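What follows is one structure encoded as C-alpha cells, with my remarks underneath.
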Amino acid sequence: MIQTKTPRHSQITTKRSLGWLSNTASSFAKLSLTKRMFVLTALILVVFLCTTALMLRAAFSISLENVIQEKLRLHTYQLLSSGNSDDGAMRLPARITEPRFNQTRGDLLAFVKRLADDNQQYEVWRSVSAMEKQFSFPAPDGGQWYFGRARGGDGTEYYVSSYNTTWSNRDGVKTKYIFTVMEDFRYYEDELSKYRTIIAAGLLAFGLIFLLLQTLILRVGLGPVRKMAADVESMSTGQARSLAGNYPRELIPLTMNLNQLIENERHQRERYRERMADLSHGLKTPLSVLKGLGSDIDDDGQPISRVKLLEILTKQVARMTKLVEYQLQRAIPSGAPTVVSKIAVANSATEIISALKKVYAQKTILAELEIETGLSFYGDENDLLEMIGNLLDNAFKHSEHRVRLTAFKTTIQSGQSVLDFIVEDDGSGVPEANRSAILERGVQLDSSGEGQGFGLSIVADIVNSYRGSLSVKESNMGGALFQITMPTF
C-alpha cells in the first residue's frame, strides 16, 4: 500500500489561507449592519463595473474595427478606380488622391501585387508611404476580402485589408491582382485612449454616486433600527417604559414582542415582590411561636415538656417549610412565554378530570367535556393546567353531582380570534356581591377552612398575563360559572 504525504509547504500555505479567511470572517462579523451592507455593495459594484468596462471595451473595439474595415475598403476602391491595365500591365499613378498615401513614412500604406499561376506574388506598385517597408500576406481567394492585423519589422502593428480581383486588358487576357491597404494601429490609439478614459471616468463617477446613494439609503433605511436601539437604551435607564413610536411595518412585530417581553419581565419582578411579601408575612406567626418557646412556659404557666416542645417545633417547622415551598413555586413566572407551544386542550382536560375523579372519589360527580375538535392552546402547558385545573378542582369541590367544561374558539367584533374556557357546576354558586372578591389573593368563601384562597387568584394572574379576562356568573346548572376569554397568538 502506497501512502502519499502532502508537502509541508503546501500544508503551511493551506493553514495560512484558512487563518486569513478566519480572521477576515471574524473582522466582518464585528462590523455594524451599515458597514456590512456597504462593504458587500462595494464589492458587488466593483465586479459589476469591471465587467461592464470589459464589455464596453470589447463592444467599442468591435465597432471600431468595423469602421476601420469599411475605411480600408473605400481606400481599396480608390486604388481600383486609379488602376489601368490596357497595355497588359497594371499601372497606378505614383501619387494618389488620398494625401496620406503620399507621405513619406506615413501611417496609411498601399501595395498592389500580381498573383501568378503558381500563386507567387510579384509587386507591381506601392504607395510613397510604403517605401522601404516589407510585408508578406496570404492571398485571399478570388473575389474575396481579407481583414486582419500584421506586424512590421520594426514592431509596428497595422490593420490590413486585401482584395483579390481579376483584370482584363484589351486583348482579353486576364490577370489576378491583390490590392492591399494598411493603416498604422497607432493612428487609433489616441481615440482608444480617450474612449477608455471616458469609460473609466464615467464608471468611476457612477460608482461613487451609487455608493453615496447607497450610504444615504442605508442611513435612511436603518434609521428606525437605530431609533429602536436608542429607545431600548432609554428603557434600560428608566427614561421610558416601552417601545413607543412610528416604526415601519416590518419592525412592528419585533417591537410588539419586545414590549411583551419587557412587560412580562416587569410582571415577573412584581410577582417576586408579592411572593416575598407574602412569605415574610406568613412566616411571622410560626416565628413568633418558635420565639416564645425560649420561655419554656405554656399558656397555663407550667413548664413545657420535652415531648410538647418537640411537637410544637416540628409542627411549626413543617408549616414554614410548606409555606416556603409554596411561595417559591408561586414565584416561578407562569405568564405568556416568549416562545409558545401548541397544546391540545382535550388531552390536558382529560388528564385533569381523571386525576380529580380520584381525589373526589367519595363524591359521585358526572364530568362533562364539550371541547371543540382540534382545539389548541398556544402558550405554556403549565399555565393551561393551572387555569383549568384550579377551576375544575373548585367545581368538583362545590358541586353536587355535575361538572362541565366547555372550550371553543370564536371571533369577536374586532375580528380577533379568542379562546373561551367555561367551567360550570351544580353547587350553591357564588353570590353576586362576592364574585369580584373571590378573585383576590387569600379570599375564600368556604367556611370549612380548606385551602388558602389562592386558587382563583392564581387563575386570574395567569389569565391577566395572557391579556385575557376571567368572569364569574351563574350557571344554568344552578351553580357557579367561571369563563376565561383570552386572545390567540
Practice prompt. Note down the relative contact order for the range 52-199 as a percent, whole number, built from C-alpha pairs under 8 angstrom at least six residues apart.
Written response: 23 percent
Fill in: Which of HIS267, HIS398 is most accessible, then next, and so on - probe 1.4 Å
HIS267, HIS398
Worksheet item: Which pairs, out of LYS71/LYS194; LYS71/LYS174; LYS315/LYS357, put more than 26 Å between their alpha-carbon atoms?
Response: LYS71/LYS174; LYS315/LYS357
Discussion item. Can you tell me which aspartates and glutamates have their Cα less than 12 Å from the Cα of LYS113? Leave out same-chain residues fewer than eight positions away.
Written reply: GLU123
Practice prompt. Give me the percent of Cα-Cα pairs in the range 155-222 that sit more than 14 Å apart, rounded to a whole number.
Written response: 77 percent
Worksheet entry | Sequence-separation-based contact order of the range 125-279, relative, with Cα cut under 8 Å and 6+ spacing, percent | 11 percent
Worksheet item: What is the Cα convex hull volume of the range 36-98 when expressed per residue in Å³?
Response: 91 Å³
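The values are calculated or read from the model by the stated rules, or taken from the named source; none is laboratory data. Since the model is a prediction, treat every value here as computed from it, not as a measurement. Ligands, DNA and RNA are excluded from the accessible area calculation, which covers all protein heavy atoms including side chains. Shrake-Rupley method; radii C 1.70, N 1.55, O 1.52, S 1.80 Å.
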